[in-house]
1. Among the residues of region 62-76, write down those that are surrounded by fewer than 18 Cβ atoms within 10 Å (Cβ to Cβ) and in a helix (DSSP H, G or I).
2. Go through the residues of region 2-15 one by one and say whether even a single one is modelled with pLDDT of 85 or more and among the small types (Gly, Ala, Ser).
3. Quick one: count up the residues across region 91-118 that are open to solvent by 10 Å² or more (accessible area, probe 1.4 Å), in contact (Cβ under 8 Å) with a residue 40 or more places away in the chain and over 13 Å from the mean Cα position of the chain (by Cα).
4. Can you give me the number of residues within region 168-179 that are of a type outside the set (A, V, I, L, M) and either touching a residue at least 60 places away in the same chain (Cβ under 8 Å) or surrounded by 17 or more Cβ atoms within 10 Å (Cβ to Cβ) (or both)?
5. Going through region 227-265 one residue at a time, which ones are modelled with pLDDT of 80 or more and in a loop (DSSP other than H, G, I, E, B)?
6. Can you confirm whether Ile164 is modelled with pLDDT of 90 or more and under 18 Å from Leu64 (Cα atoms)?
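The values are calculated or read from the model by the stated rules, or taken from the named source; none is laboratory data. Predicted model, so just to flag it, every value in this text is computed and none were measured. As a convention, Cβ positions derive from the backbone with ideal geometry for all residues, glycine included, and neighbour counts pool all protein chains shown. For the accessible areas, the whole protein counts, side chains as well, though only heavy atoms, and no ligand, DNA or RNA atoms are used. Shrake-Rupley method; radii C 1.70, N 1.55, O 1.52, S 1.80 Å.
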Amino acid sequence: MTQPKKRVRPSMNRDVSTLQGDDIDMEDDSIIQTQTASQVQKNLDRHSPDQLNLKVGEVVQYLLIKDQKKLPIKRADIVKNVLKEFKDVYPEILLRAKKTLLEVFGFELMEVDTKIHIYILVNKLERVPGDHMRVDDNTAKLGLLTVILSLIFMKGNTAKETAIWETLRRLRIEPGEKHPDFGDVKKLVTDEFVKQKYLEYNKMPHTDPVEYELRWGPRAYKETSKMKILEFVSKVQQKDPKSWSTQYREAQEPAVAPSVCWTLS
């Protein structure tokens, strides 16, 4: 009797010619595809809440940055470049990241190819009067700028340039290399964003060799608030805003000087 052909899952039946070097291998894909809810929960128990929250934040930042060119985002890239050893809890992390993207940024993460798992971000925000920092083609670099402004605020309204690059390197962005989406990232951050008045880039006194620091520029102050950025950070980290007591107190003060975050909602 002829044996029926075994059905191959779509994710395992891909045209090899379409694969890129940065795709996850079939074994990784199989692990993600076949996990049950109980297996995912068991895997979640292996990681601390803080580790999971940090990884969710990294996924959110990665998706925002990768979306700048409005190109599809492969699940393979998310796993390889961000999740890495956390791939065993991919379903839960993606679920949390999806929720954060919608609640914080107004972006809906949509899967447009269920075979090779490709996603896009769809802007669900309504434009409102006075929303200068709205998400559109004129603010295509919103994701990268958000990460930088958030870091500056959480560092006390000033951040060393080296700290900025350390964070961006974790997102696979190197200042000394040409980025496929942003080109010369160092020039973008220290020149373009400065000329646009989103950032200030100044020499730090009494440093040898000379070091630089970044602060919010006047345009950023006009298009953001401290409470907005704190809410953003708290949602990404899945913590109460009051967990950062210093920033929380500062965010409650009348808007005067160093602040943080756009009007995204």
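1. If the condition is that a residue be surrounded by fewer than 18 Cβ atoms within 10 Å (Cβ to Cβ) and in a helix (DSSP H, G or I), then Gln68, Lys69 are the ones that fit.
2. First, the residues of region 2-15 that are modelled with pLDDT of 85 or more: none.
Scanning region 2-15, I find no residue that is modelled with pLDDT of 85 or more and among the small types (Gly, Ala, Ser), so the answer is no.
3. Residues flagged as open to solvent by 10 Å² or more (accessible area, probe 1.4 Å), in contact (Cβ under 8 Å) with a residue 40 or more places away in the chain and over 13 Å from the mean Cα position of the chain (by Cα) within region 91-118 amount to 10.
4. Qualifying residue count, region 168-179: 4.
5. Of everything in region 227-265, those that are modelled with pLDDT of 80 or more and in a loop (DSSP other than H, G, I, E, B) turn out to be Lys239, Asp240, Trp244, Glu253.
6. Working: modelled with pLDDT of 90 or more: yes; under 18 Å from Leu64 (Cα atoms): yes.
Yes; evaluated as a whole, the condition is true for this residue.
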